[in-house]
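Engineer: Here it is, the structure in full.
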């Protein structure tokens, strides 16, 4: 990942609505959700949601697949993990073992670290 891609992702997620949508779809994993389900779960009007889904898709944070007359959205989990890696790659001057104390005090559990490949 480069600075331009990371900046694009952060700019897109700077909207509270888009951040909520992305977090919801991350929670759903590979199954994703159709637009109507997203709107219902987040109590958003469909027209408002469609604007945000378009932005998230253009930023590469979501993929979309046609299912009959519905659109299913999925979070791009590999992109999210790539962003985390990009942000932490040079943590503690390239000595990640020095960061163990920080990991212990963070909200990320060791199980989440294992699932993310860290």
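Engineer: Go over the candidates 65, 82, 97, 115 one by one and state the one that is within 18 Å of the chain's Cα centre (by Cα), at pLDDT 75 or above and farther than 21 Å from residue 6 by Cβ. Let's see the steps before the verdict.
Structural biologist: On the way: 82 fails: farther than 21 Å from residue 6 by Cβ; 97 fails: within 18 Å of the chain's Cα centre (by Cα); 115 fails: at pLDDT 75 or above.
Checking each option against the conditions leaves just 65.
Engineer: Right, something else. From the list 9, 26, exactly one residue is crowded, with 17+ Cβ neighbours inside 10 Å and closer than 19 Å to residue 85 by Cβ. Which is it? Don't jump to the end; show me each part of the working.
Structural biologist: Numbers: 26 fails: crowded, with 17+ Cβ neighbours inside 10 Å.
None of the others qualify; the one that does is 9.
Engineer: Right, here's the next one. Of all residues in region 42-59, count the ones that are in a helix (DSSP H, G or I), within 15 Å of the chain's Cα centre (by Cα) and surrounded by 12 or more Cβ atoms within 10 Å (Cβ to Cβ). Working first, answer last.
Structural biologist: Taking region 42-59 as the starting set, the residues that turn out to be in a helix (DSSP H, G or I) are 42, 46-58.
After this cut, where a residue has to be within 15 Å of the chain's Cα centre (by Cα) as well, the list is 52-58.
From the residues that got through so far, the ones that are surrounded by 12 or more Cβ atoms within 10 Å (Cβ to Cβ) too are 52-57.
Total meeting the criteria: 6.
Engineer: Against the definition (in contact with a helix residue (DSSP H, G or I) (Cβ under 8 Å, 6 or more places away or on another chain), modelled with pLDDT of 95 or more, within 24 Å of residue 1 (Cβ to Cβ) and assigned to a helix (DSSP H, G or I)), how does residue 103 come out, yes or no? Give the derivation first.
Structural biologist: Details: in contact with a helix residue (DSSP H, G or I) (Cβ under 8 Å, 6 or more places away or on another chain): yes; modelled with pLDDT of 95 or more: no; within 24 Å of residue 1 (Cβ to Cβ): yes; assigned to a helix (DSSP H, G or I): yes.
Here the answer is no, as residue 103 does not meet what is asked.
Engineer: Can you name the residue in region 60-69 that is part of a loop (DSSP other than H, G, I, E, B) and in contact (Cβ under 8 Å) with a residue 40 or more places away in the chain and is also surrounded by the most Cβ atoms within 10 Å (Cβ to Cβ) among such residues? Outline the logic, then answer.
Structural biologist: Just the residues of region 60-69 that are part of a loop (DSSP other than H, G, I, E, B), to begin with: 60-61, 68-69.
Next, from what is left, pick out any that are in contact (Cβ under 8 Å) with a residue 40 or more places away in the chain: 60-61.
On the way: 60: 13, 61: 23.
Looking at the filtered set, the residue picked out is 61.
Engineer: Could you please tell me which pairs satisfy a Cβ distance under 6 Å, a separation of 6+ or placement on different chains, a first residue in region 3-29 that is at negative phi and assigned to a helix (DSSP H, G or I), and a second residue that is surrounded by fewer than 17 Cβ atoms within 10 Å (Cβ to Cβ) and modelled with pLDDT of 95 or more?
Structural biologist: Every condition considered, the pairs that remain are 13/19; 20/42.
Engineer: Search region 32-43 for residues being out of contact with any helix residue (DSSP H, G or I) (no Cβ under 7 Å at 6 or more places or on another chain) and touching a residue at least 24 places away in the same chain (Cβ under 8 Å), and hand back the single one that is farthest from residue 63 (Cα to Cα).
Structural biologist: Looking only at region 32-43, we keep the residues that are out of contact with any helix residue (DSSP H, G or I) (no Cβ under 7 Å at 6 or more places or on another chain), and these are 34, 36-37, 40, 43.
Okay, now just the ones that are also touching a residue at least 24 places away in the same chain (Cβ under 8 Å), so 34, 36.
Details: 34: 11, 36: 16 Å.
Among residues in region 32-43 that are out of contact with any helix residue (DSSP H, G or I) (no Cβ under 7 Å at 6 or more places or on another chain) and touching a residue at least 24 places away in the same chain (Cβ under 8 Å), the one farthest from residue 63 (Cα to Cα) is 36.
The values are calculated or read from the model by the stated rules, or taken from the named source; none is laboratory data. Predicted model, so just to flag it, every value in this text is computed and none were measured. Note that we place each Cβ from the backbone using ideal geometry, even for glycine, and neighbour counts take in every protein chain shown.
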